[in-house]
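Trainee: After the structure tokens below, expect a handful of questions from me.
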Amino acid sequence: MIRAFTAHGPVRGARRTLFAIARGLALSSLCGTATGNAADGNEDRTAKEFLAISEGSPEVVYVTARRRTERAQDVPISLTAVSGYTLEANGVSNVLKLNQFVPTLQVFSFNPRNTSITIRGLGANIAITNDGIEPGVGVYVDGVLQARPAEAIFDLPDIASVEVLRGPQGTLYGKNSVAGAVNINTLRPGPTFEAYGRISFGDFGYKQFSGTVSGPVDANGKLSAGLSALYTDRGGFFKDVFNGKRLENYRDYSVRGQLLYQPTGDFSLRVIADYAYYNSLRPVRAISGVVTTLANGQALPRNFYQRAAAAGYTPLPIDPYARLTDANTPIYSKMAQGGGSAEANWNVGGVLLTSISSYRSWKWRPSNDDDLTSLAVMAKAQQQNDDRQVTQELRVASTLGRAVEFSGGLYYFWEQIDGLGQLQYGPDAPIWILGSTSPVSKAALDGFTISATSVPRINSYAGYGQATWHISPDVDLTGGARYTYEYKTGGYAQTVAGASVSGFTSAEQATIQATRALFGTANNYSVRTSNNLLGGLATLAYHVTDGVMTYATYSHGEKSAGLNLANLAIAVPKIVAPESVDNYEIGFKSSLPDERLTFNADLFWTDDTNYQTTLLDTSNFVIYLANIPAVRSRGLEADVTARPFEGLSTYLSAAYIDATYVSYPNAPAPFEAYTVVAGRLNTNITVDLSNRPLPAVSKWAFSLGGEYSQNLGDSGLGNIAGYLGIDESYRSGYFTNTSLSIYSRVPSYDLTNVRVGLRTSDGRWDVQVWARNLFDRKYKISQVPLVFNSGALSALLGDPRTIGVTFGARF
């Protein structure tokens, strides 16, 4: 469950363990916690402090969302915090399933590289990732930006907390994120020896081992070190009947080492190095249906079944939840990342000076079967990436108690991505795509290969600051500003190769070359752009009583122009315009004096101009960028917590989001809107999607649950407490492609996680039996028409029910 961190030590007694955690969960849903502290620069936790969190806490929750420690209910900001304890209890070790606890957060992953993270429906469209634009939601680990969403897919061994901040985040954080930010904090070394480990086993061959050990290096305890590791191995949910392999399995590991030097109470230096490797035969998409008739009643020419018959291929029965495939091209995702960072904090005269320096690299190596059959239509379809980034942040933060409190900083970011894309058509491509097995058709496509390199580079410089003026004991005014200069350059080079055409007539050669040109031609160009970007924030807060606070906020953010590095048609611009976001919020936070009951809510309205999106031309597999003139997201977020009696806590977090294309008059038509002209499919159609919903947004979403803990008496190991936890999440249906095809809409679904266990009151020993997706809900994460317009639909499925047991120990 979700909780914020407190400023005091643990409350003793196992019966208070779980209701305190659950209470903190929903309390933090609109408040949360963020990194940074005017005292020492760190609100991330040691393993021993992490143990204290799992044992309970006093009633008052404190956060540092504004770079200083404040009571959560007094902070006029919209964010959610999830403790590492909660994530552990629900088997979450990365951001992929974090949306089960944060209704306004949505994470989609077609594969690790093609991961999109949205907050309130904004940040990234649900499509294929393009290296020419940056995500609108920033992901940070220990204050360091992870420039590409794929880097957040890795399992982390020592998460202390995760915070989700909503709305533009430019006046407090290094990289400007126009839709929000996800901050992941890991455990830091402590001055005394600490050790913590967990072992989990489950069905589908699931195994996970994680551990953290830290302690002093020198005799006086000024230098501490820590080492954390995690290994995960899981068998596959899918079976490939073509070769008998199990697919959707994965294996990854990660290692993090840290040094913390604190010679005095006013100075600290934290150095972190990490490495992680991910290897998976995933993700696997299932053919989930076949469309044979277009919206106007015309029969789809050469539909999936007709193509299969012409190629002599017998498809598998259409039943996605049978989790069978006959893909013949290897499917895998391999990636590695690593890096290091150094964070120095120096308290000088009540002002905290902070420096964070980092270097990171990420390598991505995939293989896909995009025709999803045992035919050799696509022999190769992949996009490799080698990413490197450097960041440097300098900031200053004042202490509390001043009439005007402030924080600010300077930020530099550099990134280069070396991309290599390869498409190769196989011997079945002529009959499947062209409907012909003639020598000319075979020469045109069989073995035709497109190779492309892309190299975007980013240099970003920014200055930002925020200050709060305490006009009176009950009224606060906060203002912030940001200036960013970004300079981007990019190069794109594409080559094509195919079988020799020397044996064909001049007319046949011309036909072969014209056919190949429909799928790719030699291309080479460079592009550059620069932008001056402004952001800002203004918040007015009024403390009605000690238990009730209201606030109103306006914030503005801008995202720099994007580089269109693809095999573009002449009419497609090579630069997409910068994106601009204006966000308005009003809200309140209320609680009883003992915080036994809390109720927080906010209304938001966000206007997004020149929304940057990625589009896919399904006719010839070209991916490119475009601007949508205007989109909007508005809605309501609310959180309620209750502790009706000792040992029981409950929570509810809910969101209503109305996200729409305000203006999108010339959108690419959805598949079903195509027409048939002279027996051929006409895809050159545009439609007006204005006032239609944004994809990947559930209008309704909620998380609810509770925990009950009961002391069962003394044993040889100490006092034993039994506990039961239930967490439920729900999302209404949504579209999963930009064109809003009716065939891309997935139905609503709900998921239930349950755990029951025993632990000692000191938290040293814990055993837990768990079930995730308890009722084995069959649900789709996405569904889209396959490329080449055969009418086949492909679905990415959610995980089935999994059951297992976890053993934990702390020392």
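The values are calculated or read from the model by the stated rules, or taken from the named source; none is laboratory data. Worth saying up front: this structure is predicted, and the values here are computed from it rather than measured. A quick note on method: Cβ atoms are made from the backbone with ideal geometry, for glycine too, and the neighbour counts reach across all protein chains shown. These area figures cover heavy atoms from the full protein model, side chains too; ligands, DNA and RNA do not enter into them. Shrake-Rupley method; radii C 1.70, N 1.55, O 1.52, S 1.80 Å.
Trainee: If you check every pair at least six apart or on different chains, which have Cβ atoms under 9 Å apart with a residue in region 572-591 that is farther than 17 Å from Asp131 by Cβ and in a strand (DSSP E or B) first and a residue that is among the basic types (Lys, Arg) and at pLDDT below 95 second?
Mentor: So the pair list comes out as Ser580/Lys559; Val581/Lys559; Asn583/Arg120; Asn583/Arg166; Glu585/Arg166.
Trainee: Here's a follow-up. Inside region 356-376, can you point out the residues that are among the small types (Gly, Ala, Ser), within 30 Å of Arg457 (Cα to Cα) and surrounded by 17 or more Cβ atoms within 10 Å (Cβ to Cβ)? Can you show your working first?
Mentor: First pass over region 356-376, keeping only residues among the small types (Gly, Ala, Ser): 357-358, 361, 367, 374, 376.
Add one more test, that the residue is within 30 Å of Arg457 (Cα to Cα), and what stays is 357-358, 361, 367.
Across region 356-376, the qualifying residues are Ser357, Ser358.
Trainee: Run down Leu477, Leu410 and say which single residue is open to solvent by 30 Å² or more (accessible area, probe 1.4 Å), in contact with a Gly (Cβ under 9 Å, 6 or more places away or on another chain) and assigned to a strand (DSSP E or B). Lay out the reasoning, then the answer.
Mentor: Values: Leu477 fails: in contact with a Gly (Cβ under 9 Å, 6 or more places away or on another chain).
Every option except Leu410 fails the conditions.
Trainee: Now, a different point. How many residues are of a type in the set (S, T, N, Q), crowded, with 16+ Cβ neighbours inside 10 Å and assigned to a helix (DSSP H, G or I) if we restrict to region 510-556?
Mentor: Adding up the residues that qualify gives 2.
Trainee: For Gly635, work out the one condition from (1) surrounded by fewer than 17 Cβ atoms within 10 Å (Cβ to Cβ); (2) in a strand (DSSP E or B); (3) not aliphatic (A, V, I, L, M) it doesn't fulfil.
Mentor: Condition (1) is where Gly635 drops out.
Trainee: In the list Ala638, Ala678, Ala655, which residue meets the criterion of being closer than 26 Å to Ser790 by Cβ, out of contact with any helix residue (DSSP H, G or I) (no Cβ under 7 Å at 6 or more places or on another chain) and not hydroxyl-bearing (Ser, Thr, Tyr)?
Mentor: Values: Ala638 fails: closer than 26 Å to Ser790 by Cβ; Ala655 fails: closer than 26 Å to Ser790 by Cβ.
Selected residue: Ala678, the only one of Ala638, Ala678, Ala655 that is closer than 26 Å to Ser790 by Cβ, out of contact with any helix residue (DSSP H, G or I) (no Cβ under 7 Å at 6 or more places or on another chain) and not hydroxyl-bearing (Ser, Thr, Tyr).
Trainee: Follow-up question, since we're still on this one. Name the residues in region 80-112 that are modelled with pLDDT of 80 or more, aliphatic (A, V, I, L, M) and under 9 Å from the mean Cα position of the chain (by Cα), would you?
Mentor: Leu98, Leu105, Val107
Trainee: Which one of Val581, Val548, Val576 is farther than 23 Å from Thr118 by Cβ and among the β-branched types (Val, Ile, Thr)?
Mentor: Val548
Trainee: What are the pairs with Cβ atoms under 6 angstrom where one residue, in region 551-569, is farther than 17 Å from Gly465 by Cβ and aromatic (Phe, Trp, Tyr) and the other, located anywhere, is assigned to a loop (DSSP other than H, G, I, E, B) and at pLDDT below 95? Sequence gap at least six, or different chains.
Mentor: Tyr551/Pro76
Trainee: Continuing with this model, one more query. Say whether the condition of being part of a loop (DSSP other than H, G, I, E, B) and open to solvent by 60 Å² or more (accessible area, probe 1.4 Å) is met by at least one residue in region 598-606. Steps first, please.
Mentor: Taking region 598-606 first, the residues part of a loop (DSSP other than H, G, I, E, B) are none.
Within region 598-606, not a single residue is part of a loop (DSSP other than H, G, I, E, B) and open to solvent by 60 Å² or more (accessible area, probe 1.4 Å).
Trainee: Scan region 188-206 and give yes if some residue there is free of Cβ contacts under 8 Å to residues at least 40 places away in the same chain, open to solvent by less than 70 Å² (accessible area, probe 1.4 Å) and more than 24 Å from the chain's Cα centre (by Cα), otherwise no.
Mentor: no
Trainee: Just wondering, is there one or more residues in region 395-402 that are hydrophobic (A, V, I, L, M, F, W, C), part of a strand (DSSP E or B) and under 32 Å from the mean Cα position of the chain (by Cα)? Talk me through it step by step, then tell me what you get.
Mentor: As a first pass, look at region 395-402 and keep what is hydrophobic (A, V, I, L, M, F, W, C): 396-397, 400.
Among the residues that remain, those that are also part of a strand (DSSP E or B) are: 396-397.
Okay, now just the ones that are also under 32 Å from the mean Cα position of the chain (by Cα), so 396-397.
Within region 395-402 (the criterion being hydrophobic (A, V, I, L, M, F, W, C), part of a strand (DSSP E or B) and under 32 Å from the mean Cα position of the chain (by Cα)), the answer is yes, since at least one residue qualifies.
Trainee: Within region 425-432, is there a residue that is farther than 27 Å from Asn523 by Cβ, more than 33 Å from the chain's Cα centre (by Cα), assigned to a loop (DSSP other than H, G, I, E, B) and among the hydrophobic types (A, V, I, L, M, F, W, C)? Before the answer, list the steps.
Mentor: Within region 425-432, the first condition is being farther than 27 Å from Asn523 by Cβ, and the residues that meet it are 431.
Retained after the next criterion (residues that are more than 33 Å from the chain's Cα centre (by Cα)): 431.
Okay, now just the ones that are also assigned to a loop (DSSP other than H, G, I, E, B), so none.
No, there is no match, as no residue in region 425-432 is farther than 27 Å from Asn523 by Cβ, more than 33 Å from the chain's Cα centre (by Cα), assigned to a loop (DSSP other than H, G, I, E, B) and among the hydrophobic types (A, V, I, L, M, F, W, C).
Trainee: Kindly indicate whether any position in region 257-266 is farther than 30 Å from Ser357 by Cβ and open to solvent by less than 50 Å² (accessible area, probe 1.4 Å).
Mentor: Of region 257-266, the ones farther than 30 Å from Ser357 by Cβ are none.
Within region 257-266, none of the residues are farther than 30 Å from Ser357 by Cβ and open to solvent by less than 50 Å² (accessible area, probe 1.4 Å).
Trainee: Another one. How about region 133-164: which of its residues are in a loop (DSSP other than H, G, I, E, B), at pLDDT below 85 and among the charged types (D, E, K, R)?
Mentor: Within region 133-164, the subset in a loop (DSSP other than H, G, I, E, B) is 133-136, 142-143, 147-148, 153-158.
Within this subset, residues satisfying the condition of being at pLDDT below 85 are 153-158.
The answer is Asp155, Asp158.
To keep it simple, each residue is scored yes or no on (1) at pLDDT 95 or above; (2) within 21 Å of Pro149 (Cα to Cα); (3) in contact with a Pro (Cβ under 9 Å, 6 or more places away or on another chain); (4) not in a helix (DSSP H, G or I).
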| residue | (1), (2), (3), (4) |
| --- | --- |
| Ala308 | yes, no, yes, no |
| Asn328 | no, no, no, yes |
| Gly340 | yes, yes, no, yes |
| Leu372 | no, no, no, yes |
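Trainee: What are the residue pairs meeting all of these: first residue in region 506-518, first residue closer than 14 Å to Ile433 by Cβ, second residue in a helix (DSSP H, G or I) and open to solvent by 50 Å² or more (accessible area, probe 1.4 Å), Cβ atoms under 6 Å, and 6 or more apart or on different chains?
Mentor: none
Trainee: Can you name the residue in region 758-784 that is part of a loop (DSSP other than H, G, I, E, B) and open to solvent by 70 Å² or more (accessible area, probe 1.4 Å) and, of all such residues, is farthest from Ala89 (Cα to Cα)?
Mentor: Going residue by residue through region 758-784, those that are part of a loop (DSSP other than H, G, I, E, B) are 761-764, 773-779.
If we keep only those that are open to solvent by 70 Å² or more (accessible area, probe 1.4 Å) as well, we get 764, 775, 777-778.
Values: Arg764: 15, Phe775: 18, Arg777: 20, Lys778: 23 Å.
Out of the qualifying residues, it is Lys778.
Trainee: May I pose another question? Can you find a residue in region 377-391 that is in a loop (DSSP other than H, G, I, E, B) and either open to solvent by less than 10 Å² (accessible area, probe 1.4 Å) or touching a residue at least 24 places away in the same chain (Cβ under 8 Å) (or both)?
Mentor: Taking region 377-391 first, the residues in a loop (DSSP other than H, G, I, E, B) are 377.
Still in the list and also either open to solvent by less than 10 Å² (accessible area, probe 1.4 Å) or touching a residue at least 24 places away in the same chain (Cβ under 8 Å) (or both): 377.
Within region 377-391, one or more residues are in a loop (DSSP other than H, G, I, E, B) and either open to solvent by less than 10 Å² (accessible area, probe 1.4 Å) or touching a residue at least 24 places away in the same chain (Cβ under 8 Å) (or both).
Trainee: Only residues in region 678-698 that are of a type in the set (D, E, K, R) and open to solvent by 20 Å² or more (accessible area, probe 1.4 Å) count as the first member; pair them with residues that are at pLDDT 90 or above and in a loop (DSSP other than H, G, I, E, B), Cβ under 6 angstrom, at least 6 apart or cross-chain, and list the lot.
Mentor: Within 6 Å, the pairs are Asp688/Pro665; Arg692/Leu740.
Trainee: Just checking, which of Ser782, Ser744 is over 21 Å from Phe201 (Cβ atoms), in contact with a Pro (Cβ under 8 Å, 6 or more places away or on another chain) and either without any contact (Cβ under 8 Å) to a residue 24 or more places away in the chain or of a type outside the set (Phe, Trp, Tyr) (or both)?
Mentor: The match here is Ser744.
Trainee: Give me the residue from region 215-234 that is among the polar types (S, T, N, Q) and surrounded by 17 or more Cβ atoms within 10 Å (Cβ to Cβ) and, out of that set, farthest from Phe193 (Cα to Cα). Full working, then the answer.
Mentor: The initial filter retains those residues of region 215-234 that are among the polar types (S, T, N, Q), namely 220, 224, 228, 232.
Cutting the leftovers down to surrounded by 17 or more Cβ atoms within 10 Å (Cβ to Cβ) gives us 224, 228, 232.
Values: Ser224: 9, Ser228: 14, Thr232: 26 Å.
It comes out as Thr232.
Trainee: Looking at region 785-808, which of its residues are outside any loop (DSSP other than H, G, I, E, B) and open to solvent by less than 20 Å² (accessible area, probe 1.4 Å)?
Mentor: Start the filter on region 785-808 by keeping residues that are outside any loop (DSSP other than H, G, I, E, B), which leaves 785, 792-797, 802-808.
Ala792, Leu793, Ser794, Ala795, Leu796, Leu797, Gly804, Thr806, Gly808 - these are the residues of region 785-808 that are outside any loop (DSSP other than H, G, I, E, B) and open to solvent by less than 20 Å² (accessible area, probe 1.4 Å).
Trainee: Report, ordered by the first and then the second residue, all pairs with beta carbons closer than 6 Å, sequence separation of six or more or different chains, a first member in region 213-231 that is among the aliphatic types (A, V, I, L, M), and a second member that is not in a strand (DSSP E or B).
Mentor: Between residues of region 213-231 that are among the aliphatic types (A, V, I, L, M) and residues that are not in a strand (DSSP E or B), the close pairs are Leu223/Val217; Ala225/Pro189; Ala225/Val217; Ala229/Pro157; Leu230/Asp155; Leu230/Pro157.
Trainee: Another one. Only one of (1) free of Cβ contacts under 8 Å to residues at least 40 places away in the same chain; (2) surrounded by fewer than 16 Cβ atoms within 10 Å (Cβ to Cβ) fails for Asn610. Which number is that?
Mentor: Only one criterion is unmet by Asn610, namely (2).
Trainee: If Ser732 satisfies all but one of (1) modelled with pLDDT of 95 or more; (2) open to solvent by 20 Å² or more (accessible area, probe 1.4 Å), what's the number of the condition it fails?
Mentor: It fails just one condition, (2).
Trainee: Another question, if that's okay. Within the bounds of region 701-718, is there any residue that is open to solvent by 10 Å² or more (accessible area, probe 1.4 Å), farther than 30 Å from Thr683 by Cβ and at pLDDT 95 or above? Spell out how you get there, then give the answer.
Mentor: Step one: list which residues in region 701-718 are open to solvent by 10 Å² or more (accessible area, probe 1.4 Å), which gives 702, 704-706, 708, 710-718.
So of that shortlist, the ones also farther than 30 Å from Thr683 by Cβ come out as 702, 704-706, 708, 710-718.
Retained after the next criterion (residues that are at pLDDT 95 or above): none.
Within region 701-718, none of the residues are open to solvent by 10 Å² or more (accessible area, probe 1.4 Å), farther than 30 Å from Thr683 by Cβ and at pLDDT 95 or above.
Trainee: Same structure, new question: Before we move on, is Val501 over 30 Å from Asp131 (Cβ atoms), in contact (Cβ under 8 Å) with a residue 12 or more places away in the chain and open to solvent by less than 30 Å² (accessible area, probe 1.4 Å)? Step through it out loud before you land on a result.
Mentor: Values: over 30 Å from Asp131 (Cβ atoms): yes; in contact (Cβ under 8 Å) with a residue 12 or more places away in the chain: yes; open to solvent by less than 30 Å² (accessible area, probe 1.4 Å): yes.
The answer is yes for Val501.
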